[in-house]
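Contents: one structure, followed by commentary.
Throughout, read-outs are computed from the coordinates displayed, never taken from laboratory work. What you see is a predicted model; the values in this text were computed from it and never measured. Using ideal geometry, Cβ is built from the backbone for each residue, glycine included, and neighbour counts are taken over all protein chains shown.
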Amino acid sequence: MFADFVKSISDLLRDNALTRQEADKLALRFGIDDKTVKKELIELSIVIVAREIAQQNLPIEIRFKQIVELYKNQVNLSHRTSQSIIFQQYSTPAPIAFLADEYVKHGQKQNYHIFEPSAGNGLLTISFPERNCWVNEIDNLRNDNLNTQDFIQVLKVDATSELAKDLRFEKKFDGIITNPPFGTYDKTISFSGFPIKHLDHIMAIRALDCMKDEGRAAIIIGSHTKYDGAGRIQAGKNRIFLSYLYKHYDVDDIINIDGSLYSKQGTSFDVRLILVCGRKLKPEGFPPLKSDNANPVTDFENLYERVVRHFRNKGNRLKVAMAKAKSIMLLQLQGT
């Protein structure tokens with residue numbers, strides 16, 4: 001029953017013919033009267049069609065434009081549950097998911113491995129071969145939807161737990177991709193002396209623990225970065241989290257995204273897209289002062305330009321640092 005509904009919705013999406021009325025008629029036809037089930041299955045259909053587009057052998061710009069058109073033509077996924085409201089759970093719009101994936105995928109070897117610890121229905125995996133992905137989701141229906149796809153492993157564990165240790169995932173993955181819920185946590189956890197108590201921050205750090213030193217990550221967290229009069233990140237949760245991040249990882253960019261780009265997901269919540277290109281050999285450094293990059297991105301075209309500028313041919317920072325260290329060692333040996 002569910003599979004037939006998903007197939008029918010997917011066919012309408014491919015033809016740019018899906019309307020709220022058509023979705024409701026199909027739900028009635030297949031006996032789906034639960035609004036949450038209908039919403040999640042429509043999103044699964046979006047995942048299927050978006051993946052077909054994302055994995056075409058076409059230039060990234062063309063695929064991105066097709067993904068944007070798909071997003072514009074999807075129905076508004078506005079239905080909310082008490083849990084999704086409490087934890088501020090918002091699925092990622094397909095154009096943002098696509099760009100995040102393409103960033104993580106950039107420069108990867110052929111058989112790279114990806115981990116998505118809060119996978120929902122799989123939207124943040126659309127650019128990757130499913131057999132390259134490990135995914136995790138604790139919601140029963142969403143986990144079932146993940147199991148209809150061809151992922152190498154579908155997990156159902158608490159993503160605030162020590163995933164690297166508990167699952168033996170420490171530095172296992174070439175890429176991390178995640179959009180965790182934005183709510184608060186019931187306790188504060190200290191990470192290398194940084195007190196972290198917000199759910200998306202905790203889950204982001206746990207996920208990054210699973211990334212290889214030379215890996216890449218794209219993480220979506222709630223709200224925008226705000227600054228004080230001296231151009232520093234305002235004191236509080238964001239300064240603490242971002243100070244931890246910049247101390248331990250090479251951060252390519254933090255992009256403030258206007259909430260209007262989430263409109264089809266049933267919200268207008270401001271978010272940030274964090275792009276990480278490796279772990280630092282030695283923990284050090286601080287977040288940069290405010291610059292023009294702090295201005296929110298308000299449309300998909302500018303978001304595209306902001307992300308793809310990081311695709312320029314450059315060596316991974318960790319590899320460059322290791323090469324420099326090797327050169328220094330050789331010089332030292334030659335001098336002895």
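Between Gly278 and residues 5 or more places away or on another chain, which pairs have amide H atoms under 5 Å apart, with H built 1.01 Å from N, and which residues are they?
Residues meeting the criterion, in which the H sits 1.01 Å from N, are Ala217, Asp250.
With volume of the Cα convex hull per residue in Å³ defined as stated, name the option among (1) 149; (2) 134; (3) 158 computed from the structure displayed.
It is the value labelled (1).
Can you find, among Pro129, Ser161, Gln66, the residue farthest towards the positive end of the dipole of the chain? Put +1 on the C-beta of Lys and Arg, -1 on that of Asp and Glu.
Sorting the options by dipole projection puts first Ser161.
Just check segment 205-297 against the gyration tensor rule for me: Cα atoms, a ≥ b ≥ c as the square roots of the eigenvalues, rounded for a/c under 1.5, and otherwise prolate or oblate depending on whether a/b exceeds b/c.
In terms of gyration-tensor shape, oblate.
Amide H to amide H, which residues 5 or more places from Thr267 or on other chains are under 5 Å from it, using H placed in the peptide plane?
Amide H to amide H, under 5 Å and 5 or more residues apart or across chains, Thr267 pairs with nothing.
Holding the Cα-Cα limit at 25 Å, pick out from Lys65/Lys290; Lys7/Lys109; Lys7/Lys264; Lys109/Lys171; Lys172/Lys282; Lys38/Lys197 the pairs that are longer than that.
Values: Lys65/Lys290 31 Å; Lys7/Lys109 33 Å; Lys7/Lys264 21 Å; Lys109/Lys171 16 Å; Lys172/Lys282 19 Å; Lys38/Lys197 33 Å.
Beyond 25 Å between Cα atoms: Lys65/Lys290; Lys7/Lys109; Lys38/Lys197.
Tally Lys/Arg at +1 and Asp/Glu at -1 over every other residue whose Cβ is under 13 Å from the Cβ of Leu70; what's the total?
Around Leu70, the surrounding residues sum to +2.
Run through the DSSP bridge list for the chain and note the antiparallel percent, rounded to the nearest 5.
55
Given charges of +1 on the Cβ of Lys and Arg and -1 on the Cβ of Asp and Glu, with all other atoms neutral, how large is the dipole of segment 169-314 about its Cα centre, in debye to the nearest 20? Intermediate results must be reported in sequence, preceding the final value.
Details: 22 positive and 18 negative charges, 84 e Å.
Approximately 400 debye in magnitude.
When you count, for each residue, the other Cβ atoms within 10 Å and take the mean per peptide, how do 167-180, 148-161 rank with the highest first?
Averaged packing, sorted descending, gives the order 167-180, 148-161.
For the chain, modelled as a Gaussian network with Cα springs under 10 Å, which listed residue fluctuates most, Ile219, Ile240, Ile255?
Ile240
Can you tell which of Ser263, Ser91, Ser190 shows the greatest fluctuation in a Gaussian network model of the chain with Cα springs below 10 Å?
In this elastic network of the chain, the residue with the biggest mean-square fluctuation among Ser263, Ser91, Ser190 is Ser190.
Might you report the magnitude of the Cβ-based charge dipole of segment 40-163 about its Cα centre, with Lys and Arg at +1 and Asp and Glu at -1, to the nearest 20 debye?
280
Please give the FRET efficiency for Gln234 paired with Gln55, using the beta carbon to beta carbon distance and R0 = 41 Å, rounded to the nearest 0.05.
On the way: r = 40 Å, r/R0 = 0.99.
It comes to 0.50.
Which value, in debye to the nearest 20, gives the size of the charge dipole of segment 82-331 about its Cα centre, when Lys and Arg are +1 and Asp and Glu are -1 at the Cβ?
Charge dipole, segment 82-331, about its Cα centre: 1060 debye, nearest 20.
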